[in-house]
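The structure appears below as structure tokens.
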Amino acid sequence: MRRVLTLILAISFPMVAVICAPAESADAESDADYYEFTCPKPDGQFEDPYQCDRYYECDEGRVTERLCPDGLVFNPASKLVNKCDQVFNVECHDRKELQPPKPVGVCPRQNGFFPHPDPAICNIFYNCVNGRELEMTCVAGLHFYQTTGTCVWPDMANRQGCGSNANKKLHDGFQCPKNAPKMDRNGQIITHPNYPHPDDCQRFYSCLNGVEPRQGTCEHGMVYNEDLQRCDEPDNVPGWTGTAAGSSAERDPPASGGSSH
């Protein structure tokens, strides 16, 4: 009887040891991962040294790994509680890695500002928030610049493939004058010249790089001043007739051609 009991115990103990060993190993791995990042301070949020959208929250020395929403990156300089920010606001430096993208429709990532998928369309971009896009259009004459998330002059954006509308006519027939660079008062060539509308003092044309036509409209109560190349108070604009609000602004016929159709 003693021999039987001894045999049972001898068999059962190794079985218990084998069953418990993996659990201890898993705990050890979990602890190793959990404390892989050492909190530089007991409390706070700290960037991952390799991945720009990963960060760590430290609470009394205990660390929790976090990820920013797809498309945003961790900004250690931010004073906000939520330090996940737009890419163009953050210097990632050596933190070049990012989580895999989760594209939806025209949004290559769930969050951020992105150019139109057609490289020839440079003035339209998308603001993506949690995978839902909002289409936005730059002011006439400007191109979207993804580096800053803003609309800038084409020479600064330096995007390739734009200008597909070069030398085209607008719906009202306006076409940028060819081989006729426009000069300012100092005799300098104007890179993006404006031209007055022939009938409406509140409207004008912009020629992007001198060749791509865009139509512009002055805000309510203002009219286009050809001499200044911008919108101005009506009393400052020669040849203007109409109401002060500009609701029926008309332009007297110019003595010499100022726009091309």
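The values are calculated or read from the model by the stated rules, or taken from the named source; none is laboratory data. Being a predicted model, the structure only gives us computed values, none of them experimental. All Cβ positions, even for glycine, are placed from backbone atoms using ideal geometry, and neighbour counts span all protein chains on display. All accessible areas refer to the heavy atoms of the entire protein, side chains included, with ligands and DNA or RNA removed. Shrake-Rupley method; radii C 1.70, N 1.55, O 1.52, S 1.80 Å.
Summary of values
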| quantity | calculated |
| --- | --- |
| Filter pass, Gln51 being surrounded by 14 or more Cβ atoms within 10 Å (Cβ to Cβ) and touching a residue at least 60 places away in the same chain (Cβ under 8 Å) | no |
| Cross-chain or 6+ apart pairs with Cβ under 6 Å, region 210-231 first and more than 26 Å from Ile121 (Cβ to Cβ) and at pLDDT below 85, then in a loop (DSSP other than H, G, I, E, B) and open to solvent by 30 Å² or more (accessible area, probe 1.4 Å) | none |
| Selection from region 79-108 of residues that are open to solvent by 50 Å² or more (accessible area, probe 1.4 Å), in a loop (DSSP other than H, G, I, E, B) and closer than 14 Å to Thr147 by Cα | Glu91 |
| Residue check for Thr243: part of a loop (DSSP other than H, G, I, E, B) and modelled with pLDDT of 90 or more | no |
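Every residue, every condition in (1) charged (D, E, K, R); (2) in a strand (DSSP E or B), yes or no:
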| position | (1), (2) |
| --- | --- |
| Cys58 | no, yes |
| Pro69 | no, no |
| Gln110 | no, no |
| Asn127 | no, yes |
| Glu133 | yes, yes |
| Gly141 | no, no |
